[in-house]
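What follows is one structure encoded as structure tokens, with my remarks underneath.
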Amino acid sequence: MNLSAFEVLPRDLTPYRAGNTGIDYVHRFESGKPGPHVLINGITHGNEFCGMVAVCHLLDSGVRLKLGTLTLSLANVAAYESFDPQRPFDSRQITHNLNRIWSAAQLDGGEDSVELRRARAMRPAVAAADHILDIHSTNQDVVPFWVYPSFERNAAVANALPHPGVHLVMPLGLGSGTPLIQHGAHGRADGKGSALVVECGQHFKRSSAQLAIDVALDFLGHFKLIDREVPPRAQAPQRYELLRTHVVKQADFRFARPVIGFETFAKGELIATDGDDEIRAPIDDCTIFMPTRQPIVGREGVYLTQPMR
């Protein structure tokens, strides 16, 4: 891709490496007053620049806390630094998807990779947070949306914020690994705090970066950490329930027709083929999220969802 196709490009993150937590690229701010501990995280995937923009904006602007504690983190810096505009989607990860390895089994296991080492280093910061906002973006230029486990504590926060207006709710998790927002207590029904992913739009668009900043500030305003009036939501959100995550099994995985996300399929309609397997819509109005742009065996191919009435 030509550089002119990118509205947002990486910046040098070296000045942010030395935080004050003993963990590279993790910064903590204390108000000195009681209140919740909020974590805002960016670049869980190396080419999702909007999270970098939002976290750097908060670091650069010297956000002043009214109460509580704020932790700001930049996650997969190694993947981020591998970005090549000629292959802009390759820097998503080095080895592992950093957003699928947050189970105790993987973090305490014997396997090793750049992402596992980073998750293990960040583990104390993630576990310490009461509320988590993990900022992401999408391959395709689709409407922004929330993603969260279907606990009322998560829905309450997403419903209280003005944007995005689409929610992807996970009743049983992703089904393809453990994301950061489901680490430890945040993945349990008896957990106390909220943990949400916000998908802000296409990776390299300026509008995605601006939305990431706005959502981060609204998130902090909602929990009263900063002096920010959060406007009410203009209309009820459009909610979808995750039915199934299909992980690619064969290199010849193909969609039945061109898709970018949010296409709907009738019950029984062919969505994709994966070798000899056919992925068909299990219900009417089956809506797909996050269709892969380049199938890779072992990675997600598509999420199948249904509208929540």
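Below, the figures for the structure above:
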item	result
Distance between modelled label sites at Asp24 and Glu229, nm, 7 Å Cα→Cβ extension	4.4 nm
Packing rank of 259-267, 238-246, 197-205, 57-65, where each peptide gets the mean count of other beta carbons within 10 Å, highest leading	197-205, 238-246, 259-267, 57-65
Stokes-Einstein D (µm²/s) once Rh is taken as the Kirkwood radius of the stretch 22-77 over alpha-carbon pairs, at 25 °C in 0.890 mPa s	210 µm²/s
Gained length - Lys33 relative to Asp90, 0.36 nm times residue gap less alpha-carbon distance	16.2 nm
Dimensions in Å of the stretch 132-239 - Rg and Dmax from alpha carbons	13.4, 38
Estimated distance in nm for a label pair at Lys66 and Lys249, the labels positioned 7 Å out from Cα along Cα-to-Cβ	5.4 nm
Percent carbon-and-sulfur accessible area, the stretch 125-184, ignoring ligands, DNA and RNA, probe 1.4 Å	55 percent
For the stretch 10-27, 3J(HN,Hα) per residue [Karplus equation, 6.51 cos²θ - 1.76 cosθ + 1.60, θ = phi - 60°, Hz, x = Gly/Pro]	x, 10, 6, 9, 3, x, 9, 5, 7, x, 10, 10, x, 10, 4, 6, 10, 10
Amide proton proximity set for Arg239, modelled H, under 5 Å, gap of 5+	His167, Met308
Equivalent ellipsoid semi-axes, the stretch 176-267, via Cα gyration tensor eigenvalues times 5, rooted, Å	31, 20, 15
HN-Hα J in Hz across the stretch 292-309 - Karplus 6.51, -1.76, 1.60, θ = phi - 60°, x for Gly and Pro	5, 8, 9, x, 10, 4, x, 10, 4, x, 5, 9, 9, 9, 10, x, 9, 6
Segments 81-94, 148-161 sorted - mean Cβ within 10 Å per residue, highest first	148-161, 81-94
Average accessible area per residue (Å²) across the stretch 151-309 - probe 1.4 Å, nucleic acids and ligands excluded	46 Å²
Segment Val297-Gln238, extension gain: residue separation times 0.36 nm, minus the distance between their alpha carbons	18.1 nm
Mean Cα-pair separation over length for the chain, i.e. relative contact order, pairs under 8 Å, 6 or more apart, %	17 percent
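The values are calculated or read from the model by the stated rules, or taken from the named source; none is laboratory data. A quick note: this is a predicted structure, and the numbers were derived from the prediction, not measured. When we count neighbours, we look across all protein chains shown, and the Cβ atoms used for this are built from the backbone with ideal geometry, even at glycine. Note: areas computed on protein heavy atoms with side chains; ligands, DNA, RNA excluded. Shrake-Rupley method; radii C 1.70, N 1.55, O 1.52, S 1.80 Å.
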